[in-house]
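Working notes for the structure below.
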Amino acid sequence: MNAHELAARASEDGLRLVRFLYCGNDGTVRGKASSLHGLEGRLEAGIGLTVAMQAMNSLDQLQPVEGMGPVGEVRLVPDLETFRVLPYAPNTGVVLTDHMRLDGTPAGVCQRSFLKRMEQRLAERGLILEAAFENEFSLAIGAPGAYVPVDAGLCFSTISMTASQDYVDDLVAALDAQAIVLEQYYAELGHGQQEISTAHAPALRAADEQLLVRETIRAVASRRGLVASLAPKPWPGGAGNGCHVHFSWWGDDGRNRFFADGGGLSTEARSFVAGVLAHLPGLCALTAPSFQSYRRIVPQYWAGAFACWGLDNREAPVRVPSTFAGSEEASTNVELKAADATCNPYLALGGLIAAGLDGLERELEPPDPVDVDPATIPEDERHARGIERLPATQAEALDALEADALLMEALGPTLAGSYLAVRRSEWAAYSAGDERFEQQGHFSKY
């Protein structure tokens, strides 16, 4: 579909606005919208955006990043294949965009282009990363100065399902209308906590759909007078919201290259796992990047606080799920649990590919899998086995990223520098604030 055809379709669908969306270094979804007047031209050339926006943190505080001040523009150039009519916004459509320089080349800060580069490195090996996101989120009623969960039910409770059933019905319908395949839904452990999993897709499409899923979760709630939040720790002392990433490599022949003949993980998959583990401290800065992420990644909270992997071990940040009888090859995958929806999904998946490729290229072999809760292993034994504590704060994760030469090189200086500046400014702001400031800032932004 070209710009002329898409503009004509928008008119036929009765749209009045088309949103041009992107995800910033702060992990928030932002954008501009075009009316139908001049839409075709904007679909071709993009919409102008100040270069400063990628130096803006989640508190709308502009950071002093070189080249990202008051002078200069980029263009939000849409990928026309991402177009959807939004079922929750009257007469409105959406496209996902790349940040492009005025000469038509990708801007150094463009996270979507970073993921495309990593996909191309895989493609040179005849491989495709398939990924799927499992989003946990909290559903609440907005009260003066507070958010009140919609239920106080138990994990997987049918009482909790009933409390949210009308919202969930609207959510499923809205995802269906956007051709986003919902695989599972259930009420999770926390009060008001929900979980949905969507189908796997090639990495770029999976990241695009993750933005649309986040938008849909929140917007459907808003239309019902509710507030939905994907914040990692919506209520102090309550359950955390993760965004687990499931992934596998597939070849040009349509075969799952993570699957070993006879069952289990292939040599390639084991090398991928080893690469992820080798870079996991720095990778956490991309997959669990917010101040609140580290309220969730603590021992014995099933979030994966120690650098290890395991077979169906939900205390390992890298878990190999058991396969399903009759579809062993198709269901072979690996799960990254040290991730949440405050991440920019393009950076999360791009970083994952970079780490996994390093393992493949160096033919790394992972350590023995851990078959117990790593927190129960004596500290000296953990250390001897290389089962080290993952970063305990956002600051530690960002320092680990900056020290990881491979990830920094993959990101490139412009993206890496602006990302570190934005996220470190959030660490400074939330460290200086109180618990209420932290909760309000995360609950309402993600």
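The values are calculated or read from the model by the stated rules, or taken from the named source; none is laboratory data. Only a predicted model underlies this, so the values are computations on that prediction, with no experimental measurement involved. Cβ coordinates were reconstructed from backbone atoms using ideal geometry, including for glycine residues, and neighbour counts include every protein chain displayed. We work out accessible area using only protein heavy atoms, side chains counted, and drop any ligands, DNA or RNA first. Shrake-Rupley method; radii C 1.70, N 1.55, O 1.52, S 1.80 Å.
Return the FRET efficiency for the residue pair Arg362, Ala123: r is the Cβ-Cβ distance, R0 is 25 Å, and the value is rounded to the nearest 0.05.
Details: r = 20 Å, r/R0 = 0.79.
With R0 = 25 Å, the Cβ-Cβ based efficiency is 0.80.
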- Compute the distance in nm between two label points, each set 7 Å from the Cα along the Cα-to-Cβ direction, one at Asp373 and one at Leu36. 6.0
- Taking the Cα-to-Cβ direction at Tyr301 and at Met161 and moving 7 Å from each Cα, how far apart do the two end points lie in nm? 2.8
- Query: Any idea of the accessible area per residue across segment 20-102, 1.4 Å probe, to the nearest Å²?
  - Reply: 41
- May I ask which residue of Val181, Leu204, Ser160 lies farthest towards the positive end of the charge dipole of segment 114-257, with charges of +1 (Lys, Arg) and -1 (Asp, Glu) on Cβ and the Cα centre as origin? Leu204
- What's the extension gain from Glu409 to Leu59 if we count 0.36 nm per residue and subtract their Cα-Cα distance? 123.2 nm
- If Phe156, Phe291 are ordered by their accessible area, calculated over protein heavy atoms with a 1.4 Å probe, which sequence runs from highest to lowest? Phe156, Phe291
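Once you sort the root eigenvalues of the Cα gyration tensor of segment 140-185 as a ≥ b ≥ c, which label holds: rounded (a/c under 1.5), prolate (a/b larger than b/c) or oblate (the other case)? Don't skip to the answer; put the middle values down first.
Working: a/c = 2.96, a/b = 1.52, b/c = 1.95.
Note, shape of segment 140-185 comes out oblate.
Got the relative contact order for the chain handy, in percent, Cα pairs under 8 Å and 6 or more residues apart?
Values: 951 pairs, mean separation 75.3, N = 446.
Relative contact order, the chain: 17 percent.
Sorting check: for 48-55, 239-246, which peptide has the highest mean count of neighbouring beta carbons within 10 Å, and how do the rest follow? Intermediate results must be reported in sequence, preceding the final value.
On the way: 48-55: 19.9, 239-246: 23.8.
Those peptides, ordered most packed to least, come out 239-246, 48-55.
Given R₀ = 30 Å, FRET efficiency for Ala45-Ala89 by Cβ-Cβ distance, to 0.05? Each step should come with its number before you reach the end.
Working: r = 24 Å, r/R0 = 0.80.
So the FRET efficiency works out to roughly 0.80.
Treating the beta-carbon of each Lys and Arg as +1 and of each Asp and Glu as -1, no other charges, what is the dipole magnitude of the chain about its Cα centre, to the nearest 20 debye? Mind dumping the intermediate values first?
Values: 36 positive and 59 negative charges, 256 e Å.
Dipole of the chain, to the nearest 20 debye: 1220 debye.
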- Task: Using the Karplus curve 6.51 cos²θ - 1.76 cosθ + 1.60 with θ = phi - 60°, work out ³J(HN,Hα) for each residue of segment 311-316 in order, rounded to whole Hz, and write x for Gly and Pro.
- Result: 8, 6, 9, 7, 9, 9
- Run down the aspartates and glutamates and flag those whose C-alpha is under 17 Å from the C-alpha of Lys32, throwing out any fewer than 8 positions away in its chain. Glu40, Glu44, Asp60, Glu73, Asp79, Asp98, Asp208, Glu215
- Overall Cα dimensions of segment 188-243, principal axis frame, Å, largest first: 36, 25, 14
- Label-point separation in nm, Ser222 to Val181, each point 7 Å along Cα→Cβ: 2.9
- Query: If you take the square roots of the eigenvalues of the alpha-carbon gyration tensor of the chain and sort them as a ≥ b ≥ c, do you get rounded (a/c under 1.5), prolate (a/b over b/c) or oblate?
  - Reply: rounded
- Note on the structure: Whole-Å distance linking the alpha carbon centroid of segment 351-403 with that of segment 10-70 is 36
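Given axes a ≥ b ≥ c from the Cα gyration tensor, I'd like to know whether segment 336-382 is rounded (a/c under 1.5), prolate (a/b larger than b/c) or oblate. Please report the intermediate quantities before stating the final value.
Values: a/c = 3.53, a/b = 1.40, b/c = 2.53.
In terms of gyration-tensor shape, oblate.
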